[in-house]
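K.L.:
One structure follows; several queries about it will come next.
The values are calculated or read from the model by the stated rules, or taken from the named source; none is laboratory data. All figures in this text were calculated on a predicted structure; none of them were measured in a lab. Don't worry about glycine lacking a Cβ; one is built from the backbone with ideal geometry, like all the others, and counts go over all protein chains shown. These accessible areas exclude ligands, DNA and RNA; they are computed on the full protein's heavy atoms, side chains included. Shrake-Rupley method; radii C 1.70, N 1.55, O 1.52, S 1.80 Å.
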Amino acid sequence: LGWAFLLVAAYVARMTFSCVHLPGTVGVLLVGYAFSFFMQEDILDSRDDIQRFAFFLVLLNAGFEVSIKRLRPRVLAVALLPGLLEIIGIAWFCGMSRGFSVV
């Protein structure tokens with residue numbers, strides 16, 4: 001029964017936040033925070049699994065809101081450049097420390 005109240009409250013909060021043009025995820029997070037003070041024992045026992053699942057859903061929701069077409073080339077370069085430099089640095093360090101050739 002605790003799960004049902006949690007899901008219904010999160011759904012209502014998401015719809016309410018969406019109606020006032022705010023991110024629905026914020027409403028869901030606020031409901032989760034509010035429910036943390038009076039959780040029932042069955043929800044409390046599986047809290048770690050719920051947190052992992054909620055984190056996955058938040059990341060999934062944020063990922064679907066990103067569009068590559070809307071990103072400017074400068075933003076895309078700033079996002080990809082640090083990772084590319086890190087990969088090159090790790091490859092160079094491993095090659096030098098192990099004595100591998102470039103080719």
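K.L.:
Using a Förster radius of 30 Å, what is the FRET efficiency between Ala54 and Leu81 based on their Cβ-Cβ separation? Nearest 0.05, please.
P.N.:
0.45
K.L.:
Quick one: helix 73-98 against the long Cα principal axis of the chain, what's the angle to the nearest 10°, folded into 0 to 90?
P.N.:
Roughly 60 degrees, rounded to the nearest 10.
K.L.:
By how many degrees, 0 to 90 and rounded to 10, does the Cα axis of helix 24-35 deviate from the longest principal axis of the chain?
P.N.:
Around 60 degrees separate the two axes.
K.L.:
Using a Förster distance of 25 angstrom, determine the FRET efficiency expected from the C-beta separation of Ala62 and Tyr33, and round it to 0.05.
P.N.:
Working: r = 18 Å, r/R0 = 0.73.
FRET efficiency, Ala62 to Tyr33: 0.85.
K.L.:
How many percent of the accessible area of the chain is carbon or sulfur, using a 1.4 Å probe?
P.N.:
The computed percentage sits at 72.
K.L.:
For the chain, take every pair of Cα atoms, bin their distances at 10 Å starting from 0, and report each bin as a whole percent.
P.N.:
P(r) over the chain, rounded to whole percents: 12, 27, 21, 17, 15, 8, 1.
K.L.:
At 222 nm, what helix-only mean residue ellipticity would the chain give, in deg cm²/dmol to the nearest 500, using -39500 (n - 2.57) for each DSSP H run of four or more?
P.N.:
-25500 deg cm²/dmol
K.L.:
Another question, if that's okay. Leaving out ligands and nucleic acids, and using a 1.4 Å probe, what accessible area per residue does the chain come to in Å²?
P.N.:
Value returned for the chain: 87 Å² of accessible area per residue.
K.L.:
Something else: In degrees between 0 and 90, to the nearest 10, how far off the longest principal axis of the chain does helix 47-64 point, with axes built from Cα atoms?
P.N.:
Helix 47-64 sits at roughly 60 degrees to that axis.
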